[in-house]
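Single-structure report; data block below.
The values are calculated or read from the model by the stated rules, or taken from the named source; none is laboratory data. All figures in this text were calculated on a predicted structure; none of them were measured in a lab. Cβ placement follows ideal geometry from the backbone for every residue including glycine, while neighbour counts extend to all protein chains displayed. Quick note on the areas: whole protein, heavy atoms, side chains included, nothing else; ligands and nucleic acids left out. Shrake-Rupley method; radii C 1.70, N 1.55, O 1.52, S 1.80 Å.
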Amino acid sequence: MAQKRVAIFVSGSGTNMENIARRVQAGELDCELALVVCDNPNAFALKRAAKLGLETFLIDSKQFKSKGEFDARIDQELNRKSVDFVLLAGFMRIFGSEFVRKWRWRVLNIHPALLPKYPGAHAIKDAFRAKEKETGVTIHFVDEGVDTGPIILQRAVPIHLDDTLELLEARVHAVEYELYPEAIRLFLAGKLSVTSNQVVIRR
Ligand code: GAR
């Protein structure tokens with residue numbers, strides 16, 4: 001069977017993108033990396049992608065009159081590159097309902113918290129400031145909401161009394177680099193389905 005083709009979406013540093021790309025290049029994930037999509041011209045992820053020899057598609061939301069047009073341009077590029085599924089890896093933009101419908105259960109996202117707790121753009125800091133004893137990492141399918149889609153995998157990360165935000169961030173990221181590949185492997189093996197908005201994993 002032909003390998004599935006993936007696009008990774010980034011907005012910032014791109015460490016998750018690099019981790020996934022390296023695993024694809026090492027043959028640890030059985031898919032082809034077709035494209036890196038980035039919405040931020042200053043993202044360090046672009047430098048990482050160039051170093052890894054990956055094709056990038058830079059898109060500026062300000063050039064579009066509406067979210068619908070922005071999404072449609074991305075959809076066009078994904079089709080042009082025959083992309084089968086999408087991995088959001090620190091992509092800080094929300095898709096409109098038409099895009100979500102079109103790509104239903106073919107877009108995965110990583111979020112640095114134990115959803116439904118701490119959705120949004122500052123999840124690690126929010127959990128740290130709230131003096132939680134633990135936070136974590138969630139991998140989920142993308143639906144129409146913000147960080148609300150069906151959950152594939154979650155892993156807890158302890159918050160220690162003497163932690164700094166930097167230490168906690170490093171601990172969360174280390175878990176991200178293991179959990180996202182695990183979820184991608186399940187997806188690629190066809191072991192994930194969604195029933196009544198819940199993920200069922202066939203092990
Ligand atoms: C990651 O921690 C990811 O979970 C988070 O952005 C970071 C990106 O880091 N995503 C979200 O907060 C989504 N709401 P990276 O660019 O180094 O991979």
Practice prompt. Find the relative contact order for the chain and round it to a whole percent, using C-alpha pairs within less than 8 Å whose residues are 6+ positions apart.
Written response: 18 percent
Worksheet item: Which of the GluC sites (Glu not before Pro) found in region 54-86 are loop residues per DSSP with 14 or fewer other Cβ atoms within 10 Å of their Cβ?
Response: Glu55
Worksheet item: Got a sec? What order do Lys133, Lys51, Lys67 fall in by accessible area at 1.4 Å, biggest, i.e. largest, first?
Response: Lys51, Lys133, Lys67
Discussion item. From the helices alone, meaning DSSP H stretches of at least four residues, give me the mean residue ellipticity at 222 nm for the chain, per-run term -39500 (n - 2.57), in deg cm²/dmol to the nearest 500.
Written reply: -10500 deg cm²/dmol
Practice prompt. Kindly sort His122, His160, His173, His111 by accessible area of their heavy atoms, largest first, with the probe set to 1.4 Å.
Written response: His122, His160, His173, His111
Fill in: For region 91-155: rounded, prolate or oblate by the Cα gyration tensor [a/c cutoff 1.5]
prolate
Fill in: Probe 1.4 Å, accessible area per residue of region 123-163, Å²
52 Å²
Worksheet entry | Value of relative contact order over region 90-203, rounded to a whole percent, pairs C-alpha under 8 Å and six or more apart | 23 percent
Worksheet item: Summing Lys, Arg as +1 and Asp, Glu as -1, what charge do residues with Cβ under 13 Å from the Cβ of Phe95 carry, Phe95 excluded?
Response: -1
Response to the item:
With the 1.4 Å probe rolled over protein heavy atoms, region 7-99 has an accessible area per residue in Å² of 48 Å²
Worksheet item: Evaluated at 37 °C with a viscosity of 0.692 mPa s, what Stokes-Einstein diffusion coefficient in µm²/s does region 88-203 have when Rh comes from the Kirkwood expression over alpha-carbon pairs?
Response: 224 µm²/s
Fill in: 16 Å tail of the calculated P(r), region 1-60, as % of Cα pairs
37 percent
Worksheet item: So for region 145-203, what percent of the C-alpha to C-alpha distances run longer than 16 Å?
Response: 57 percent
Worksheet, complete the sentence: Carbon/sulfur accessible area of the chain, % of total, 1.4 Å probe, equals 50 percent
Practice prompt. Add +1 for every Lys or Arg and -1 for every Asp or Glu among the other residues with Cβ under 13 Å from the Cβ of Pro150, and state the total.
Written response: -1
Fill in: the chain: radius of gyration and largest Cα-Cα distance (Dmax), Å
16.5, 51
Fill in: For region 182-194, 3J(HN,Hα) per residue [Karplus equation, 6.51 cos²θ - 1.76 cosθ + 1.60, θ = phi - 60°, Hz, x = Gly/Pro]
4, 5, 5, 4, 5, 4, 5, 7, x, 8, 10, 9, 10
Practice prompt. Could you work out the local net charge near Ala49, counting Lys and Arg as +1, Asp and Glu as -1, over the other residues with Cβ closer than 13 Å to its Cβ?
Written response: +2
Worksheet entry | region 30-127: C-alpha gyration tensor shape, a/c 1.5 cut-off, then a/b vs b/c | rounded
Fill in: Accessible surface ranking that places the most exposed of Met92, Met1 first, with a 1.4 angstrom probe
Met1, Met92
Worksheet item: For Thr164 and Lys131 in the same chain, what is the full-extension length gain: residue separation times 0.36 nm, less their Cα-Cα distance, in nm?
Response: 10.7 nm
